[in-house]
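Input: one structure, supplied below.
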Amino acid sequence: MPGYELVGREELQQIEDIFNHGAVLFRHGFESKRQGRFKVQEFESAFKSRFNFTNALAVSSGTAALKIGLKSLGIGPGDEVILPCFTFVASAEAVIECGALPIFVDVDESLNICPESATAKIGERTKAIMAVHMLGVAANLAQLRELCSLHNLFLVEDVAWGCGGSYHEEYLGSFGDVAAFSFDFAKTITTGEGGMVVCKDPVIAKKAAAWHDHGHLNIPTLPRWEDRREGTGFNFRMSELQGAVGLAQLVKLDFILEQQRLMCERLGSVLANCSVDLKLRPFPIGSVPTGDGFVFFMPSAELALNLRERLAVHGVATKILPEAMTWHFAGFWEHLRVLSEGAAANVVPSGLERSELLLSRAVCLPTSVIDDAVSAPLQASLDEVFSSL
Ligand SMILES: *Cc1c(COP(=O)(O)O)cnc(C)c1O
């Protein structure tokens, strides 16, 4: 558990820098007042160079980033987007918000989208596949990319959990036609609320920038009230306050990743000493996870819940798995019918028993960047669970 543990002096200094130089909290305009401070723009540039991205647009949330990304690809009513049944509900909300239909498919043992299950659901209306790099582990991007080019589909990356993770030497977010990052308070780096839209194509980048700002083209030589528009849009702008915090957090990313990965190693050695052979969550060859959470499988769902209870007694809460299925497993999302206003009776999926079973056996432990309060309780809890069998 990540960036929020380290929000402090550096973030405050960045904000003070705004207040000491005109206190402009809006990303555009006010040139004479702001004395050269453009925190959101600076954050976008720093983010691009950190990961070698071509275009980056800072926005108000990760959910907004997903919606803007999908909109910029032209996805709308009548279209279908294939996504994994294990994600956060925001991924599906973004699809429905565009008027399209989310088609949920199984995850495999990596707990990311299963390419074979995705293939089985490709049809006439399919426009995109959304890969979600859950808990910082890359989806099988090689297979997904191949699938998308074979069927002429867009690849969308939900990188909410994957900031700083990589696949075949490239950072997550480099693979999709669009990619969406989240900087909400629980993510690897945080701006309180915030997100980033990343893409390669300059035309899509321009559409995204206009769409997130009421259609504004933000032509530099025109005052904002005389600006021209490209179609319609909405307001998903990031404020200068968030941009300032993001700049300070990005500097801390390497440290965060290093600490999280170290902690995963320690938890791995606890598991290696366990009397029962427990399976770790596998990740794709050539991928480097962010270490945002440590996931392994218990022999049964019952034992997973049992371990969760033991951990709680020792003061450790699990992260998402196995308990937070209501927010993260699409099989339970009856309420999506309401969001889609009944337009899509089949929005709530069925036939995902394989994934449900897998997820209910999985346990995820939080990683901390400041202290290891988990290894010892894990050791004790595992001993208790298995000695009582
Ligand atoms: C957090 C999250 C989002 C949404 O991000 P917000 O910034 O909270 O809107 C989208 N997808 C996944 C997988 C997430 O975990």
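Could you please give the count of residues in the stretch 96-113 that are farther than 19 Å from residue 336 by Cα and either open to solvent by 10 Å² or more (accessible area, probe 1.4 Å) or of a type in the set (Phe, Trp, Tyr) (or both)? Don't jump to the end; show me each part of the working.
In the first step, residues of the stretch 96-113 are kept if they are farther than 19 Å from residue 336 by Cα; the result is 107-113.
Still in the running and either open to solvent by 10 Å² or more (accessible area, probe 1.4 Å) or of a type in the set (Phe, Trp, Tyr) (or both): 108-110.
Total meeting the criteria: 3.
With respect to the numbered conditions (1) within 16 Å of the ligand (Cβ to nearest atom); (2) more than 30 Å from residue 261 (Cβ to Cβ); (3) aliphatic (A, V, I, L, M), which one is the sole condition not fulfilled by residue 179?
It is condition (2) that residue 179 fails.
Please count how many residues of the stretch 6-58 are surrounded by fewer than 18 Cβ atoms within 10 Å (Cβ to Cβ), among the charged types (D, E, K, R), over 19 Å from residue 181 (Cβ atoms) and in contact (Cβ under 8 Å) with a residue 12 or more places away in the chain.
2
Any chance you could count how many residues in the stretch 232-248 are open to solvent by 50 Å² or more (accessible area, probe 1.4 Å) and either closer than 14 Å to residue 213 by Cβ or among the acidic types (Asp, Glu) (or both)?
Selection size over the stretch 232-248: 4.
Report the residue count in the stretch 345-373 for those that are among the β-branched types (Val, Ile, Thr), within 27 Å of residue 290 (Cα to Cα) and surrounded by fewer than 22 Cβ atoms within 10 Å (Cβ to Cβ).
Residues of the stretch 345-373 that are among the β-branched types (Val, Ile, Thr), as a first pass: 347-348, 363, 367, 369-370.
Going one step further and asking which of them are within 27 Å of residue 290 (Cα to Cα), we end up with 363, 367, 369-370.
Remaining after also requiring surrounded by fewer than 22 Cβ atoms within 10 Å (Cβ to Cβ): 369-370.
Within the stretch 345-373, residues that are among the β-branched types (Val, Ile, Thr), within 27 Å of residue 290 (Cα to Cα) and surrounded by fewer than 22 Cβ atoms within 10 Å (Cβ to Cβ) number 2.
What is the number of the single condition among (1) open to solvent by 10 Å² or more (accessible area, probe 1.4 Å); (2) more than 14 Å from the chain's Cα centre (by Cα) that residue 93 does not meet?
Only one criterion is unmet by residue 93, namely (2).
Next up: So residue 249 passes all but one of these: (1) touching a Pro at 6+ places or on another chain (Cβ under 9 Å); (2) under 26 Å from residue 7 (Cβ atoms). Which condition number does it fail?
Residue 249 satisfies every listed condition except (1).
On the basis of being in contact with a Phe, Trp or Tyr (Cβ under 8 Å, 6 or more places away or on another chain), surrounded by 12 or more Cβ atoms within 10 Å (Cβ to Cβ) and of a type in the set (Lys, Arg), does residue 279 make the cut?
Details: in contact with a Phe, Trp or Tyr (Cβ under 8 Å, 6 or more places away or on another chain): yes; surrounded by 12 or more Cβ atoms within 10 Å (Cβ to Cβ): yes; of a type in the set (Lys, Arg): yes.
When the stated conditions are applied, residue 279 passes them.
Shifting gears a bit: How about the stretch 156-195: which of its residues are part of a strand (DSSP E or B) and either out of contact with any helix residue (DSSP H, G or I) (no Cβ under 7 Å at 6 or more places or on another chain) or under 18 Å from residue 138 (Cβ atoms) (or both)?
Correct list: 156, 157, 158, 166, 167, 170, 171, 178, 179, 180, 181, 182.
Here is a follow-up. Tell me the residue from 166, 117, 149 that is small (Gly, Ala, Ser), open to solvent by 10 Å² or more (accessible area, probe 1.4 Å), away from the ligand (no atom under 16 Å from the Cβ) and under 14 Å from the mean Cα position of the chain (by Cα), please.
The unique qualifying residue is 166.
Quick one: residue 212 ticks every box in (1) open to solvent by 30 Å² or more (accessible area, probe 1.4 Å); (2) touching a Leu at 6+ places or on another chain (Cβ under 9 Å); (3) within 14 Å of the ligand (Cβ to nearest atom) bar one, so which box is it?
Of (1) open to solvent by 30 Å² or more (accessible area, probe 1.4 Å); (2) touching a Leu at 6+ places or on another chain (Cβ under 9 Å); (3) within 14 Å of the ligand (Cβ to nearest atom), only one is false for residue 212: (1).
What's the total number of residues in the stretch 5-24 that are closer than 18 Å to residue 187 by Cβ and of a type in the set (A, V, I, L, M)? If you could, list the steps in order and put the result at the bottom.
Of the stretch 5-24, the ones closer than 18 Å to residue 187 by Cβ are 5-8, 10-11.
Cutting the leftovers down to of a type in the set (A, V, I, L, M) gives us 6-7.
So the count comes out to 2.
Okay, moving on. Does residue 222 satisfy the condition of being open to solvent by 40 Å² or more (accessible area, probe 1.4 Å), outside any helix (DSSP H, G or I), away from the ligand (no atom under 16 Å from the Cβ) and among the hydrophobic types (A, V, I, L, M, F, W, C)?
Criteria met by residue 222.
Something else about it: Within the stretch 188-207, identify whether any single residue is within 14 Å of the ligand (Cβ to nearest atom), open to solvent by 50 Å² or more (accessible area, probe 1.4 Å) and of a type outside the set (Val, Ile, Thr), and answer yes or no.
Yes, the conditions are met somewhere in the stretch 188-207.
Restricted to the stretch 78-90, and to residues that are farther than 19 Å from residue 326 by Cα and crowded, with 24+ Cβ neighbours inside 10 Å, which residue is farthest from the ligand (Cβ to nearest atom)?
Checked the stretch 78-90; the qualifying residue farthest from the ligand (Cβ to nearest atom) is 82.
Moving on. Taking the stated definitions as given, is residue 292 open to solvent by 20 Å² or more (accessible area, probe 1.4 Å), among the acidic types (Asp, Glu) and out of contact with any His (no Cβ under 9 Å at 6 or more places or on another chain)? Walk me through how you get there before you give the answer.
On the way: open to solvent by 20 Å² or more (accessible area, probe 1.4 Å): no; among the acidic types (Asp, Glu): yes; out of contact with any His (no Cβ under 9 Å at 6 or more places or on another chain): yes.
So residue 292 does not fit the description; no.
Among 172, 155, which is the only one that is more than 9 Å from the ligand (Cβ to nearest atom), open to solvent by less than 20 Å² (accessible area, probe 1.4 Å), farther than 19 Å from residue 49 by Cα and in contact with a Phe, Trp or Tyr (Cβ under 9 Å, 6 or more places away or on another chain)?
Values: 172 fails: farther than 19 Å from residue 49 by Cα.
The match here is 155.
I've got another one for you. Tell me, which residue of the stretch 59-77 that is more than 15 Å from the ligand (Cβ to nearest atom) and open to solvent by less than 40 Å² (accessible area, probe 1.4 Å) is nearest to residue 231 (Cα to Cα)?
72
Going by the structure shown, is residue 94 in a helix (DSSP H, G or I) and within 16 Å of the ligand (Cβ to nearest atom)? Lay out the reasoning, then the answer.
Details: in a helix (DSSP H, G or I): yes; within 16 Å of the ligand (Cβ to nearest atom): yes.
Judged against the criteria, residue 94 is a match.
Only one of 378, 305, 321 is open to solvent by less than 60 Å² (accessible area, probe 1.4 Å) and part of a helix (DSSP H, G or I); which?
On inspection, the qualifying residue turns out to be 378.
The values are calculated or read from the model by the stated rules, or taken from the named source; none is laboratory data. Small disclaimer: the values here were computed from a predicted structure and weren't measured. Cβ coordinates were reconstructed from backbone atoms using ideal geometry, including for glycine residues, and neighbour counts include every protein chain displayed. In case anyone asks, the SASA skips ligands and DNA or RNA and just uses the protein heavy atoms, side chains included. Shrake-Rupley method; radii C 1.70, N 1.55, O 1.52, S 1.80 Å.
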